[in-house]
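Here is the structure we will look at, set down as structure tokens.
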There are 2 protein chains.
Amino acid sequence: MPRASSVDRVAIVGLGLIGSSIARAIGERLPEVAVVGHDASAEVRKVANELGLCDTIADDPVAAVANADLVILAVPVGRMADAAVAIAPGLKPEAIISDVGSSKAGVAEALAKALPDHAVIPAHPVAGTENSGPAAGFSTLFEGRWCIVTPGAGASEDAVTAVTSFWQALGAKVETMDAAHHDMVLAVTSHLPHLIAYTIVGTASELEEVTESEVIKYSAGGFRDFTRIAASDPVMWRDVFLANKGAVLATLQRFNEDLTVLQQAIRRGDADKLEDWFTRTRAIRRSIIEQGQDDAAPDFGRKH
Amino acid sequence: MPRASSVDRVAIVGLGLIGSSIARAIGERLPEVAVVGHDASAEVRKVANELGLCDTIADDPVAAVANADLVILAVPVGRMADAAVAIAPGLKPEAIISDVGSSKAGVAEALAKALPDHAVIPAHPVAGTENSGPAAGFSTLFEGRWCIVTPGAGASEDAVTAVTSFWQALGAKVETMDAAHHDMVLAVTSHLPHLIAYTIVGTASELEEVTESEVIKYSAGGFRDFTRIAASDPVMWRDVFLANKGAVLATLQRFNEDLTVLQQAIRRGDADKLEDWFTRTRAIRRSIIEQGQDDAAPDFGRKH
């Protein structure tokens, strides 16, 4: 297992699903690394203490990052700038700052501005569940998942290596790319799917012709698959769409074009066009399963 | 367990995922009922024989339905009319004909026209997986799922009872409604979700800025959830959209309106609107889980 050898002390700011999973993963896979946690919410800190998530839970962000070699900001992307300002006075000069935000260009800019004298190495572990909060985390969340690191121009190689090794030590596979490309890739693979899921779940719950109780009752026909990601944290996702507006709107336009094409095919009764399209999409799922990014069992492996 | 007491012999025409699951469920839960299977494809009949799905596999549709008390057509909805015509000469007068089609008004009309002298009781088990073919079926597919029966005006009560008891005996819960309402309910809970999933999987695989291999690699961010139903049988789904065109296009229009509202909220940076919407959709998933229509485990219970 790779070691993040220059990192002896990690501070995690934000102890929700991702922050608490990082704490648990360090506890299990890097027991020699000291972990200090902090969350702006006193209630979350209390739960984190009860769960024993970290070696120490600090009430104060400045105290939390004291002597930390690596500080990970695990707050909604709209709060990254404030969180960076809050920790700044406590950082040692050689501390590396990273984050876990789902959009990167805006976050990178905000962090660089708030912490001009520190090595800022943004990262995004592409992993999660629909649950939120400190109790939702688990130590294996990152195993076999990708973590995308987006170092800016002129980033310290040692700092990039430290962040890369850290995520590898938690079980993730690491890829490096520039922030703008990350934001486009994630707009397609994550942000647009969430937007569509949120939309359709809202649509279905407000039709006059079909009651909400019917929607729930017959959801096994396909609808329920969309409800999982539409149950994700509302504040986190509000911020993601606002932070990655450009790429989200661009991919949404492509989606709308394609939907119009299929709508027209249905209206015109163009059977061949529909069958061709539906045949192509099958292959994608096969590849996702082959590459270990989803379960091969029918229904995602739901119990029957 | 309720018994379909007037049904001693069942013929299943079409041995794909649903037909083969019915055969398996009868074998397990109604061992005293004789099952004859037929499929238009010689290859499917061969596999069904090898799997021992039915007591008998008939090469000929007329022979398959001889002496059957209940005949279930489990073919794509576009093929229902032809299947009904093909079996007509072999039916005994008191045979009840049912089906498993995902749209009901058109199918009911086609079956009534093809079989004017028989009791036709359309039904739709709201269950399935993304896999197709005779080997994909399993005996517990219908357990705890709903089966919607849509008897026409003047349908024989005995025949409705027989079909209802049959599905209950296979573990399903049965609801009765009229065909037009069924088609609207299913447009929302099943057909629109499939259309959206097919669209987004197609969109994602054809962007210039993001390669297909990147889409697959980072699919755990949400995209992979859509790929399951977008891997469903292309011919079956082609037929569903063409057969339920009116209701699908009507619900699609609502979806498009809602998507435009969210698109505008993102463009304008309307944080409150986004957060409100995303908070409402959480409650729906909770209800689906409470009513036993989905798994409460994170990620649908996928392995971690």
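Take the range A:288-304 and flag every residue that is more than 7 Å from chain B (Cβ to nearest Cβ) and either buried (at least 17 other Cβ atoms within 10 Å of the Cβ) or under 12 Å from B:Asn131 (Cβ atoms) (or both).
Our first condition is that a residue be more than 7 Å from chain B (Cβ to nearest Cβ); within the range A:288-304, this holds for A:289-290, A:292, A:296-297.
Passing the criteria: A:Ile289, A:Ala296, A:Ala297.
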**OP:** Six or more apart or on different chains, Cβ under 9 Å: which pairs go from a residue in the range B:33-62 that's more than 18 Å from B:Ser132 (Cα to Cα) and assigned by TED's automatic domain parsing to the domain that holds B:Met80 to one that's surrounded by 15 or more Cβ atoms within 10 Å (Cβ to Cβ) and at pLDDT below 95? Could you list them?
**Re:** B:Val33/B:Ala4
Original post:
Among the listed residues B:Arg286, B:Arg238, which satisfies the condition of being at pLDDT below 95 and of a type outside the set (Asp, Glu)?
Top reply: B:Arg286
Original post:
If you go through the range B:136-166, how many residues are of a type in the set (Ser, Thr, Tyr) and assigned to a helix (DSSP H, G or I)?
Top reply: 3
Subject >> Count - residues of the range A:120-174 that are within 14 Å of chain B (Cβ to nearest Cβ) and in contact with a helix residue (DSSP H, G or I) (Cβ under 8 Å, 6 or more places away or on another chain) >> reply: 28
Subject >> Test: A:Tyr218 is in contact with a strand residue (DSSP E or B) (Cβ under 7 Å, 6 or more places away or on another chain), within 30 Å of B:Lys173 (Cα to Cα) and not hydrophobic (A, V, I, L, M, F, W, C) >> reply: yes
Subject >> Matching option when the condition is out of contact with any Gly (no Cβ under 9 Å at 6 or more places or on another chain) and not β-branched (Val, Ile, Thr), among A:Pro61, A:Pro89, A:Pro76 >> reply: A:Pro89
Subject >> Conditions (1) assigned to a loop (DSSP other than H, G, I, E, B); (2) more than 14 Å from chain A (Cβ to nearest Cβ); (3) small (Gly, Ala, Ser); number of the one not met by B:Ala112 >> reply: (1)
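In the range A:280-294, what residues are out of contact with any Lys or Arg (no Cβ under 8 Å at 6 or more places or on another chain) and without any contact (Cβ under 8 Å) to a residue 24 or more places away in the chain? Step through it out loud before you land on a result.
Here is the first cut: in the range A:280-294, the ones out of contact with any Lys or Arg (no Cβ under 8 Å at 6 or more places or on another chain) are A:280-284, A:286-287, A:289-290, A:292.
Correct list: A:Arg280, A:Thr281, A:Arg282, A:Ala283, A:Ile284, A:Arg286, A:Ser287, A:Ile289, A:Glu290.
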Original post:
Which numbered condition trips up B:Glu209, out of (1) closer than 30 Å to A:Gly144 by Cα; (2) of a type in the set (Asp, Glu); (3) buried (at least 24 other Cβ atoms within 10 Å of the Cβ)?
Top reply: (3)
Subject >> Yes/no for B:Ala112 being closer than 23 Å to B:Met184 by Cβ and more than 18 Å from the chain's Cα centre (by Cα) >> reply: yes
Original post:
Looking at the range B:197-275, what helices (runs of 4 or more DSSP H) fall wholly within it and have at least 1 residues that are in contact (Cβ under 8 Å) with a residue 60 or more places away in the chain and either among the polar types (S, T, N, Q) or more than 8 Å from every other protein chain (Cβ to nearest Cβ) (or both)?
Top reply: B:234-243, B:245-268
**OP:** Go through A:Gly137, A:Gly171 for me and flag whichever is in the same structural domain as A:Gly19 (by TED's automatic domain parsing), more than 20 Å from A:Val77 (Cβ to Cβ) and at pLDDT 95 or above.
**Re:** A:Gly171
Original post:
Of all the residues that make up the range B:109-134, how many are under 18 Å from A:Tyr218 (Cβ atoms) and small (Gly, Ala, Ser)?
Top reply: 3
Original post:
Consider A:Thr164 against the criteria (1) among the hydroxyl-bearing types (Ser, Thr, Tyr); (2) under 30 Å from B:Thr129 (Cβ atoms); (3) without any contact (Cβ under 8 Å) to a residue 24 or more places away in the chain: it satisfies all of them except one. Which criterion is unmet?
Top reply: (2)
Original post:
Taking the range B:197-225, which residues are under 22 Å from the mean Cα position of the chain (by Cα) and more than 13 Å from A:Ala283 (Cα to Cα)?
Top reply: B:Ala197, B:Thr199, B:Ile200, B:Asp225
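Rundown of residues vs (1) in contact with a helix residue (DSSP H, G or I) (Cβ under 6 Å, 6 or more places away or on another chain); (2) under 21 Å from A:Ser102 (Cβ atoms); (3) among the small types (Gly, Ala, Ser), yes/no style:
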| residue | (1), (2), (3) |
| --- | --- |
| A:Val13 | yes, yes, no |
| A:Ser21 | no, yes, yes |
| A:Glu32 | no, no, no |
| A:Ala48 | yes, no, yes |
| A:Val77 | yes, yes, no |
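The values are calculated or read from the model by the stated rules, or taken from the named source; none is laboratory data. Computed from a predicted model, the values in this text were never measured in an experiment. Every residue, glycine among them, receives a Cβ derived from its backbone with ideal geometry; neighbour counts consider all protein chains shown.
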